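The values are calculated or read from the model by the stated rules, or taken from the named source; none is laboratory data. None of these values were measured; they are calculated from a predicted model. Neighbour counts are summed over all protein chains in view; Cβ atoms, including those assigned to glycine, are modelled from backbone coordinates with ideal geometry. For accessibility, only protein heavy atoms count, side chains too; no ligands or nucleic acids. Shrake-Rupley method; radii C 1.70, N 1.55, O 1.52, S 1.80 Å.
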Amino acid sequence: MPALMVRIPQDQADVARHRFHADSYLPLPGLLTADGLDALREEARRLERIGRRRDFTMACMDGSPRHMTTLGGQVIARESRLIPDLYADPVLLDLLGSLTGERPVPVPDPLERHVLNILHRKGDTHGAHTDDYPYALVLFLEAPENPADGGLLAHTPRAVSLSDLDAGQARAVHHRPGDAYLLRSDTTAHRVTPLTRSGVRRTVLNFAYTTGSVTPRATPSARELYA
Ligand SMILES: [Fe+2]
C-alpha cells in the first residue's frame, strides 16, 4: 500500500515540538500524501452514507451549537480497515511521540478514538468545547478553499473557560485538504467557525490520543455527538 503520510525528519520534528509546547497548536500542512488524501477521501465518502446528522446545543459545553454530520469511532472500527489501521500506525505514533514528547496511547473508548466530522450545509458548525483527552490529530479531507467561507479552527490555548474564545484572544486558522494539525485539545478551547454559504464542505478525521501522565475528563460530550 502506498504511504498515506509524508515523513517528517527528526530535526524538523524537534523544532515542531518546541512550537507545539509553546502554542498548544501545531499546523502540519500537507501531511497527507496525494495517495493518502485520495484513499481517505474515498473512504470518508463511503462512510458518510451511514453518518448521522446532528443539530443540537451541548449543555455540558455552555450550550454551544452542533450542526454537522458525524460518524463515531465504534462504527468506523466496524466499517473501515483503513482508518483504524492509520490511527494505530507505528510510524504515525512515532511521529506523535516526537511532536508531543510523550508516548501517545489510544483512548480507551472506541467511540472517541477516530471520528468523522462533516460540515456540509450553510451555517454548519462544531461549537466551542474542549476535548476529554489531551491530544487531537485532525486530518483534512475537504475544506473550503476561501477562508471567507468559514470552517476555520478558532482556538485559545490554556483557556480558563470556553468564553475565552470570545474574549478577543482566539486565533482562527485555515487549512487545505491534505493538511493536518495537532492540538493540545483538553486545555485549548476550540471551535469550527460556521460555513457561510451552501456548496462548500469541510470533512475531517479526528484522532484522539491520551498518555499515561494525564487523567482524562469524563464529560458526556462524545456520547452526545457520536453515539
Ligand atoms: Fe475537539
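Sum up the charges of everything whose Cβ sits under 14 Å from the Cβ of P147, counting Lys and Arg as +1 and Asp and Glu as -1, but leave P147 out.
The answer is +1.
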Provide the net charge surrounding Q10, with neighbours chosen by a C-beta distance below 14 Å and charges set as Lys +1, Arg +1, Asp -1, Glu -1.
-1
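Where nothing but the Cβ of Lys and Arg (+1) and of Asp and Glu (-1) is charged, how large is the charge dipole of the chain around its Cα centre, in debye to the nearest 20?
Details: 27 positive and 28 negative charges, 109 e Å.
Here the size comes out at about 520 debye.
Accessible area per residue of the chain at 1.4 Å probe, in Å²? Display every interim value, and only then the final one.
Working: 10260 Å² over 227 residues.
Counting only protein heavy atoms, the per-residue value for the chain is 45 Å².
How many percent of the accessible area of the chain is carbon or sulfur, using a 1.4 Å probe?
Reported share for carbon and sulfur atoms: 52 percent.
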Environment charge at S198 (Cβ cut-off 9 Å; Lys +1, Arg +1, Asp -1, Glu -1):
+3
Rg and Dmax [Cα atoms of region 78-227; Å; Rg one decimal, Dmax integer]
15.1, 43
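Contact order normalised by length for the chain, with contacts defined as Cα pairs under 8 Å and 6 or more residues apart; what percent is it?
Values: 501 pairs, mean separation 63.0, N = 227.
That works out to 28 percent.
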Once you have a ≥ b ≥ c as the square roots of the Cα gyration tensor eigenvalues for region 138-227, tell me rounded if a/c is under 1.5, and otherwise prolate or oblate according to whether a/b is larger than b/c.
prolate
